[in-house]
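The values are calculated or read from the model by the stated rules, or taken from the named source; none is laboratory data. These numbers come from a predicted model, not from an experiment. So basically every Cβ, Gly included, is an ideal-geometry build from the backbone, and we count neighbours across all protein chains shown. All accessible areas refer to the heavy atoms of the entire protein, side chains included, with ligands and DNA or RNA removed. Shrake-Rupley method; radii C 1.70, N 1.55, O 1.52, S 1.80 Å.
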Amino acid sequence: MRLRFGTVVLVGLAAFAGCHRAPATDKLLKDLSSSEESDRIKAVRWLGDRQREGPKVVPALIESLQDVDAGVRRSAAIGLGYFGAEAESAIPPLEKAQNDTDVRVREAAKVAIARIRGEE
């Protein structure tokens, strides 16, 4: 009986571990164009962790600063901050985002600019 229980636990853990695999960058970039707000938010949040793919991701996050949803804009600003100096081209759009109608977007843009400039 003990062997069966252990086997079931191992199989369950393996299945659970596979459920949280990160989506491919290209799929996330496509999801930024989704009509579903939740898809766009998930995509910008995942893309913020793709520092190794900066040349591909930074322009997409910059574009997401223009999204109709404040949550997407905020997440895009936060994500850009994670890229540091590699996201230098994002400073002008982030400066514009400091005038956003949503206070959370304005604050995220301010923090992102500081990170990109190495001030934080």
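If I ask for residues that are part of a helix (DSSP H, G or I) and under 18 Å from LEU29 (Cβ atoms), which ones from segment 79-110 would you list? Scanning segment 79-110 gives GLY79, LEU80, TYR82, GLU86, ALA87, SER89, ALA90, PRO93.
Within segment 43-55, can one find any residue that is open to solvent by 70 Å² or more (accessible area, probe 1.4 Å), touching a Lys or Arg at 6+ places or on another chain (Cβ under 9 Å), at negative phi and not aliphatic (A, V, I, L, M)? No, the conditions are met nowhere in segment 43-55. All told, ARG40 falls short of being at pLDDT 95 or above, open to solvent by less than 30 Å² (accessible area, probe 1.4 Å) and either assigned to a loop (DSSP other than H, G, I, E, B) or over 23 Å from ARG21 (Cβ atoms) (or both).
Conditions tested, residue by residue: (1) closer than 18 Å to ALA108 by Cα; (2) part of a helix (DSSP H, G or I); (3) modelled with pLDDT under 95.
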{"residue": "LEU10", "(1), (2), (3)": "no, yes, yes"}
{"residue": "ALA17", "(1), (2), (3)": "no, yes, yes"}
{"residue": "ALA22", "(1), (2), (3)": "no, no, yes"}
{"residue": "LEU61", "(1), (2), (3)": "yes, yes, no"}
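Look through ALA114, ALA76 and report the one residue that is assigned to a helix (DSSP H, G or I), modelled with pLDDT of 95 or more, open to solvent by less than 10 Å² (accessible area, probe 1.4 Å) and not β-branched (Val, Ile, Thr). The unique qualifying residue is ALA76. What residue, of GLU86, GLU119, is acidic (Asp, Glu), free of Cβ contacts under 8 Å to residues at least 40 places away in the same chain and surrounded by 15 or more Cβ atoms within 10 Å (Cβ to Cβ)? Step by step, each of GLU86, GLU119 is checked, and only GLU86 is acidic (Asp, Glu), free of Cβ contacts under 8 Å to residues at least 40 places away in the same chain and surrounded by 15 or more Cβ atoms within 10 Å (Cβ to Cβ).
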